[in-house]
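A.B. asks: My structure is below; once you've seen it, I'll send some questions.
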Amino acid sequence: MVSVPQLGLFSGQALRPHLSDLPALPENLPAWPADLVRQRYSSSTHGDYARWQQAVADLPPLQASGVAQYQDTVTFPGVVDADKLTDTLMQLHPWRKGPFRIGEVQIDTEWRSDLKWQRLLQHVQADGCLHNFVQGQRVLDIGCGNGYFGWRMLEAGAKEVIGIDPTLLFCMQHAAIQKFANDPRNWVLPLGIDEVPATTTFGAVFSMGVIYHRRDPEAHVQQMFALTDPGGTVVLESLVCRDTNLTPASRYARMRNVWCVPTPAQMVAWLENAGFVNCHILDITPTTLTEQCSTRWMHFESLREALDPDNPALTVEGYPAPVRALITGQRPSPEATDFTHPQVAR
């Protein structure tokens, strides 16, 4: 991997001319490795890039008839050529995170990501803690997909959300949504966490559905600590096993690269070992077919095919069926105000 110092860092004003043919980026873009970002938005990165780029360019205009709503279904109201919009957005299949609505077109994604967000809000709002999470903060969303959670974070009061995801298709889906949103506070870059400049920190750092894909999960949490402002908040979400850490022999629920499915207590230990304090388990919930399933917008196999047809409490490999946990923590600071979260028994 090319190191950041070899690439050089550019300010937002210096970076934009290098990216003039790429999806729009905000004027206040912080220092990023410009050459690497430019390289990722190219056909050398993915053979379908030119097709995706053309799809974004071909999106029909929306005659807006109201204000965008960053709610459970991220909605851009108005009148649009629904058939053309659907056909064009389908060029960016599969749509994993959502849902979205543009005019009359409903994008029913594989994941009902709003349900995960509701589980987070259910706990933090009960204590009035949402302000401490994202209000007025610059937020980093690691493995953000197409940026769905970024819109929800803006709804919750975030100042700016910077999403990173190395999957170029998801970045192009975000570029498509941004054609209707035109909101520079939420953006997605084709980078991994290892490529975020070490000099950049955030008031809140989210990693949801990433850590079990990391060969070294503790190193991932340590990187999150380094990227969190003193007094800032971290949100870690993962597949979990209730009783013991699971190391799959090959695949887990048909997924490759699942290196460890931890217990919730193990996740807390990773956070505490990295230096986070006030670490709490907010939620533990089994994944259901309502939350994850094949749709018109993601017609590949999904959760149903990953479960044992004779015993849906198990995966097809014989492991416990997917359960997910949400954990929060805080990077200590002398000035930080301690706040208490409702805690789920470990």
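The values are calculated or read from the model by the stated rules, or taken from the named source; none is laboratory data. The model shown is predicted, which means the values in this text are computed figures rather than measured ones. FYI the Cβ positions are ideal-geometry reconstructions off the backbone, even for glycines, and counts take in every protein chain you see. Just so you know, the surface numbers come from the protein's heavy atoms only, side chains and all, with ligands and any DNA or RNA stripped out. Shrake-Rupley method; radii C 1.70, N 1.55, O 1.52, S 1.80 Å.
A.B. asks: With segment 149-208 as the region, which strands (runs of 3 or more DSSP E) entirely inside it contain at least 1 residues that are farther than 25 Å from residue 219 by Cα and touching an Asp or Glu at 6+ places or on another chain (Cβ under 9 Å)?
C.D. replies: Fully inside segment 149-208 and qualifying: 186-189.
A.B. asks: Scan segment 67-74 and give yes if some residue there is in a helix (DSSP H, G or I) and modelled with pLDDT of 95 or more, otherwise no.
C.D. replies: no
A.B. asks: Identify all residues within segment 240-289 that are in a loop (DSSP other than H, G, I, E, B) and more than 20 Å from residue 304 (Cα to Cα); write none if there are none.
C.D. replies: Result: 242, 243, 244, 245, 247, 249, 259, 260, 262, 263, 275, 276.
A.B. asks: Which count do you get for residues in segment 75-101 that are open to solvent by 20 Å² or more (accessible area, probe 1.4 Å) and in a helix (DSSP H, G or I)?
C.D. replies: 6
A.B. asks: For segment 213-226, which residues satisfy the criterion of being open to solvent by 10 Å² or more (accessible area, probe 1.4 Å) and not small (Gly, Ala, Ser)?
C.D. replies: Scanning segment 213-226 gives 213, 214, 215, 216, 217, 218, 222, 223, 225.
A.B. asks: Also, I was wondering about something else. Could you tell me which residue of segment 194-207 is farthest from residue 328 (Cα to Cα), considering only residues that are open to solvent by less than 10 Å² (accessible area, probe 1.4 Å) and modelled with pLDDT of 90 or more?
C.D. replies: Out of the qualifying residues, it is 202.
A.B. asks: Could we say that residue 178 is open to solvent by 10 Å² or more (accessible area, probe 1.4 Å), touching a residue at least 12 places away in the same chain (Cβ under 8 Å) and in contact with a Lys or Arg (Cβ under 8 Å, 6 or more places away or on another chain) here?
C.D. replies: So residue 178 fails the test.
A.B. asks: What pairs come out if I take residues in segment 36-60 that are surrounded by fewer than 13 Cβ atoms within 10 Å (Cβ to Cβ) and pair them with residues that are of a type in the set (Gly, Ala, Ser) and part of a helix (DSSP H, G or I) whose C-beta lies under 9 Å away, six or more apart or interchain?
C.D. replies: Here the result reads 43/50, each pair linking segment 36-60 to a residue that is of a type in the set (Gly, Ala, Ser) and part of a helix (DSSP H, G or I).
A.B. asks: Same structure again: When segment 144-161 is examined, which residues are found to be touching a Phe, Trp or Tyr at 6+ places or on another chain (Cβ under 7 Å) and in contact (Cβ under 8 Å) with a residue 60 or more places away in the chain?
C.D. replies: 151, 152, 154, 155
A.B. asks: So which of 183, 165 ends up being modelled with pLDDT of 95 or more and open to solvent by 10 Å² or more (accessible area, probe 1.4 Å)?
C.D. replies: 165
A.B. asks: Tell me which residues, restricted to segment 256-283, are at pLDDT below 95 and surrounded by fewer than 15 Cβ atoms within 10 Å (Cβ to Cβ).
C.D. replies: Passing the criteria: 256, 257.
A.B. asks: Could you figure out which of (1) of a type outside the set (Ser, Thr, Tyr); (2) open to solvent by 30 Å² or more (accessible area, probe 1.4 Å); (3) out of contact with any helix residue (DSSP H, G or I) (no Cβ under 8 Å at 6 or more places or on another chain); (4) closer than 21 Å to residue 169 by Cβ isn't true of residue 138?
C.D. replies: All conditions pass for residue 138, except number (4).
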